[in-house]
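The values are calculated or read from the model by the stated rules, or taken from the named source; none is laboratory data. Every value quoted in this text rests on a predicted model; they were computed, and no experiment measured them. Methodologically, a virtual Cβ is constructed for each residue, glycine included, from the backbone with ideal geometry; neighbour enumeration extends over all protein chains shown. Note: areas computed on protein heavy atoms with side chains; ligands, DNA, RNA excluded. Shrake-Rupley method; radii C 1.70, N 1.55, O 1.52, S 1.80 Å.
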Amino acid sequence: MSYINRERLRQYLLDLVQIDSHSREEGLVAARIRADLEALGIEVAVDDAGLAVGGDTGNVIAKIKGTVPGAPAIFLAAHMDTVVPGKGVKPVFDGDIIRTDGTTVLGGDDKSGCAIIVECLRTLKEQNLPHSDIDAVFTICEEVGLLGAKHLDMDGLRSSYGLVLDSDDVGYLFTRAPSADHMEYTIHGLEAHAGVCPENGISAIRVAAEAISAMKLGRIDFETTANIGVIEGGAATNIIPNRVVLKAEARSHDSSKLDAQAEHMRRALHDAAARHTVVVDGSTVTARVEEHITREYHAMNVADDSTIVQLVMQAASNLNQEVQTLATGGGCDANVFNQRGLEVANLGTGMQAIHTVKEWLDVNDMYRSADVVLEILKLNANISR
């Protein structure tokens, strides 16, 4: 028996995806979720994360009072922002599949997670199901560096473990994810007229090309990846370009491998720059590299025998579903929450082909995920502190 109101869940997802909420512009969807939860009698607050990241709202934090004394609190989270192009979403149904008209993403990443949490809370209230205290968090700016989670006001949170609902296949529980470094390099060359005196210039584009050609990129090994994602530079074809910006990343489940990969990429750039020197009017100029490397998020590794993993497995078994733990190459809010002291795994909601205008979602997968989450909340009520 499923307690979940499937038609209401489906409609709520449709409502949410049609509310524009690019990163730093989540105010309208935050207001909708807050109003719907307050209508259930739930205590809701919005923190100051928006001020810290330049957004129009903070994280929405809901605190649901438990009905079972002594049962430990549990944590649920999903993010409200979407990637671009995500404005003016027009959902289209193809049987049980929701797509868009092909001009935008769907926004199931991660409004499917938001919708599941809200529906589970509604169901608990309507059906008078026993449950512990619940901390439900709807974050901002996940898609631009997990910023909402990093700035979440955790004062007053009662939970120490729980779920992020922010991945694809409902048959997988992601318990391991890599650390990631974000890199931005500015290569400084020397401008010159490309037709009159090219020998007096240093092409920053050429320096960048030599460096990139020397880098190991893509799949480095089974737990390490690297990518140059953005190249910006040059002003005109008749000017030797004096400046190029590279934006890159590296990820690994092994921090020493990540450090080694980041240093390899850094060294390739500095070595290439050092090879380019010119003398102009008696002055020697050598290309140089300005660098900014930051650890965007840290790896997570939630043990199979942890409370949250065991709850997920028992819930799936009770529902005759199969869920297996898995490692992912991506990062999400769960990385940050684990770093900040919670024990959080990432459960799928059915979203597919995310970050593309071909994104789609099978509502039956979303229903299955909601059933698992609700069963977890019921099982958690039976745990003694």
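Couple of notes before you dig in:
- Charge dipole (debye, nearest 20) of the chain; +1 at Cβ of Lys and Arg, -1 at Cβ of Asp and Glu: 100
- Interatomic Cα distance distribution for segment 159-292, bins of 10 angstrom, percent: 12, 33, 25, 16, 9, 4, 1
- Per-residue packing, averaged as other Cβ atoms within 10 Å, sorts the ranges 340-349, 92-101 into the order 340-349, 92-101, beginning with the highest.
- Mean silhouette area of segment 61-115, derived from the convex hull of its C-alpha atoms and averaged over all directions, reads 5.6 nm².
- The residues of the chain have, on average, 42 Å² of accessible surface per residue, using a 1.4 Å probe with all protein chains present.
- The chain, accessible surface, carbon-and-sulfur percent (1.4 angstrom probe): 47
- Under the Debye formula (equal points on every Cα, no solvent term), log10 I(q)/I(0) of segment 231-385 at q = 0.09, 0.21 Å⁻¹: -0.54, -1.39
- Take the Kirkwood radius over Cα pairs of segment 1-147, plug it into Stokes-Einstein at 10 °C and 1.306 mPa s, and you get 100 µm²/s for translational diffusion.
- Viscosity 1.567 mPa s, temperature 4 °C, Stokes-Einstein D of segment 160-238 from Kirkwood C-alpha radius, µm²/s: 76
- Inter-part distance where segment 228-246 and segment 182-206 are each reduced to a Cα centre, Å: 8
- Within the chain, antiparallel bridges make up roughly 75 percent of the DSSP beta bridges whose residues both belong there.
- Dimensionless Rg/Rh of segment 125-197 - Kirkwood Rh, Rg from C-alpha atoms: 1.29
- When each of 90/150; 65/87; 63/378; 111/378; 63/111 is checked by Cα-Cα distance, pairs over 27 Å: 90/150; 65/87
- Using alpha-carbon coordinates, inclination of helix 363-380 to the longest axis of the chain, degrees: 60
- Reachable aspartates and glutamates, given that their alpha-carbon falls under 17 Å from the alpha-carbon of residue 125 and they are not under 8 places away in the same chain: 36, 38, 43, 133, 135, 371, 375
- Principal-axis tilt of helix 108-127 within the chain, Cα atoms, nearest 10 degrees: 20
- Among 161, 229, 4 the positive-end extreme of the charge dipole of the chain (Cβ point charges): 161
- Axis angle, to the nearest 10 degrees, between helix 204-213 and the longest C-alpha principal axis of the chain: 60 degrees.
- Charge dipole (debye, nearest 20) of segment 1-136; +1 at Cβ of Lys and Arg, -1 at Cβ of Asp and Glu: 300
- Cross-link partners of residue 358 among aspartates and glutamates (Cα-Cα below 20 Å; sequence separation of 8 or more within a chain): 15, 20, 81, 94, 96, 101, 109, 110, 143, 166, 168, 169
- DSSP beta bridges in segment 1-148 [antiparallel fraction, %, rounded to 5]: 65
- Reach of residue 247 by Cα under 18 Å, taken over lysines that are not fewer than 8 positions away in the same chain: 216
- Cα gyration tensor shape of segment 299-385, rounded if a/c is under 1.5, else prolate or oblate by comparing a/b with b/c: oblate
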